[in-house]
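The values are calculated or read from the model by the stated rules, or taken from the named source; none is laboratory data. No experiment lies behind these values; they were computed from the predicted model shown. Note that each Cβ is placed from the backbone with ideal geometry, even for glycine, and that neighbours are counted across all protein chains shown. Just the protein is used for accessible areas: all its heavy atoms, side chains included, with ligands, DNA and RNA removed. Shrake-Rupley method; radii C 1.70, N 1.55, O 1.52, S 1.80 Å.
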Amino acid sequence: MPTISPAKPYRHLFFDLDHTLWDFEKNADETLRVLFELHDLGRFGTFTVDTFIDRYRDVNHALWRLYQSNKITQQQLRSVRFVRTLAKLGVAEAEVPATISQQFTELLPRKSAVFPFTYEVLDYLQTKYTLHLITNGFKDIQHVKLASSGLTDYFQEVVTSECSGHLKPDTRMFSHALARAGATAAESLMIGDNLECDVLGAYNAGIDQVYFNPDKRRHFNQITYEISCLSELRQIL
């Protein structure tokens, strides 16, 4: 594992939230299981709760790619994700529960699962660096996620795409985050799970990066640092 050159000390650490600290997949799975039972989706008799979750993941990931490319709006993403999920499972749009998307938005951010070593690492880092968040997640639920998981007090600035007016990997979002934090690119480090949004976005903004790759996905990107467990940050910082 590489060590940081003393010639380039970091002062500000910028974390992504979903899939980096807050375990989106685990929290979403728990929420989807609740909704499956609440709306008795098993009554259709053609799919299981696990199939429902798998289809939702596929649809949601595709919609988020469109959102991050500015091809759909936040409202469009929220309004169609369950319609498309259930359509793939043979459910007519008229039979999709009218409240399911809103209930998902309300229940999900109240879940509290985080990745292993999140608290231990943040406790360690906050004594040495100023910590911030930079996220494409929606402003109205990101702060609820932070409060529900006990993460709020670790971060000085929480920069969302809505408050900056741009989405990662747009360098303007990183510039906005640096300005908010009173930081320079040279003294900053971005930690995130997304090669395009977090790593490439930070690289293009002149910020060093840590790629959080817990599944050890193969890639050919040039990255400042790469880790598969958050505990490895203590070996770098």
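Where in the range 94-196 are there strands (runs of 3 or more DSSP E), lying wholly inside it, with at least 1 residues that are more than 23 Å from L237 (Cα to Cα)?
157-160
Say we look at the range 141-183 and pick out the residues that are under 15 Å from the mean Cα position of the chain (by Cα), of a type in the set (A, V, I, L, M, F, W, C) and within 26 Å of F117 (Cα to Cα); which of these is most open to solvent (accessible area, probe 1.4 Å)?
So, considering only residues that are under 15 Å from the mean Cα position of the chain (by Cα), of a type in the set (A, V, I, L, M, F, W, C) and within 26 Å of F117 (Cα to Cα), the one most open to solvent (accessible area, probe 1.4 Å) is V144.
Go through the range 221-237 and give me each residue that's open to solvent by 40 Å² or more (accessible area, probe 1.4 Å) and closer than 20 Å to R11 by Cβ.
Answer for the range 221-237, where residues must be open to solvent by 40 Å² or more (accessible area, probe 1.4 Å) and closer than 20 Å to R11 by Cβ: T224, R234, Q235.
List the residue pairs whose Cβ atoms are under 7 Å apart, where the first residue sits in the range 171-190 and is farther than 23 Å from I227 by Cβ, the second is in a strand (DSSP E or B) and open to solvent by 30 Å² or more (accessible area, probe 1.4 Å), and the two are 6 or more positions apart or on different chains.
Every condition considered, the pairs that remain are R180/E157.
Confirm whether V91 is of a type in the set (A, V, I, L, M, F, W, C), over 28 Å from K168 (Cβ atoms), in contact (Cβ under 8 Å) with a residue 24 or more places away in the chain and crowded, with 18+ Cβ neighbours inside 10 Å.
For V91, the condition - of a type in the set (A, V, I, L, M, F, W, C), over 28 Å from K168 (Cβ atoms), in contact (Cβ under 8 Å) with a residue 24 or more places away in the chain and crowded, with 18+ Cβ neighbours inside 10 Å - is met.
Just checking, which of L32, L86 is buried (at least 19 other Cβ atoms within 10 Å of the Cβ), more than 20 Å from the chain's Cα centre (by Cα) and either assigned to a helix (DSSP H, G or I) or of a type in the set (A, V, I, L, M) (or both)?
Numbers: L32 fails: more than 20 Å from the chain's Cα centre (by Cα).
That would be L86, the only listed residue that is buried (at least 19 other Cβ atoms within 10 Å of the Cβ), more than 20 Å from the chain's Cα centre (by Cα) and either assigned to a helix (DSSP H, G or I) or of a type in the set (A, V, I, L, M) (or both).
Examine the range 204-216 for a residue that is at pLDDT below 95 and polar (S, T, N, Q), and state whether such a residue exists.
No: zero hits.
If a residue must be open to solvent by less than 20 Å² (accessible area, probe 1.4 Å) and under 21 Å from the mean Cα position of the chain (by Cα), how many such residues does the range 41-66 contain?
5
Show the residue pairs meeting these rules: Cβ distance below 8 Å; 6+ apart or different chains; first residue within the range 103-114 and on the phi > 0 side of the Ramachandran plot; second residue modelled with pLDDT of 95 or more and buried (at least 17 other Cβ atoms within 10 Å of the Cβ).
That search, which allows pairs on different chains as well, returns nothing.
Could you list, in sequence order, the residues of the range 94-140 that are over 22 Å from D40 (Cα atoms), among the β-branched types (V, I, T) and surrounded by 17 or more Cβ atoms within 10 Å (Cβ to Cβ)?
V114, T118, V121, T130, I134, T135
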